[in-house]
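Structure first, then comments.
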Amino acid sequence: MMESLYKIDISVKTEYIEYQSVPSEDRFVFSYTVNITNAGKIPAKLISRHWVITDANGKIEEVKGLGVIGEQPRLLMGESFEYSSGTIINTPVGTMHGKYSMIADNGYEFDAQIPLFSLNIPKILN
């Protein structure tokens, strides 16, 4: 029963930002657009984020903070929120995953898992 009350669907699209990247200096810039949908049965607010960013050398960077892009969106049932942000890694390939800490209107706190996704420059992975 808890599962259907509190369900957040998350999808991510990534893009390599070539004009901001400097491969000769191990600087690879990526943007990501996240779509967050409340698929549950109760409104919920995004309180904070926790990202785990890993490059191809195994270097891990963790990013934690309140909200996303300065906002703490409250999502009604079926409502979505989309935002774009970016990251810089030292290799042409990497991954990101994490979680959003949420609080439902009834006070219940839960995590919405952000599934693992790839950061890679075009044509590097065939």
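Quick note: the coordinates plus some simple rules give every number you see, no bench work behind them. Please read all numbers here as calculations on a predicted model, not as lab measurements. FYI the Cβ positions are ideal-geometry reconstructions off the backbone, even for glycines, and counts take in every protein chain you see.
Ranking of ILE53, ILE69 by neighbouring Cβ atoms within 10 Å, starting from the fewest: ILE69, ILE53. Approximating the spin labels as points 7 Å out from Cα along Cα→Cβ, the PHE117-to-SER24 distance works out to 3.2 nm. Translational diffusion of the chain was estimated from the Stokes-Einstein equation, with Rh taken as the Kirkwood radius over Cα pairs; at 25 °C and 0.890 mPa s the coefficient is 159 µm²/s.
Seen from VAL34, the other residues with C-beta closer than 10 Å to its C-beta sum to a net charge of +1, counting Lys and Arg as +1 and Asp and Glu as -1. Extension gain for SER85-ASN106 works out to 4.6 nm (0.36 nm per residue, less the C-alpha to C-alpha distance).
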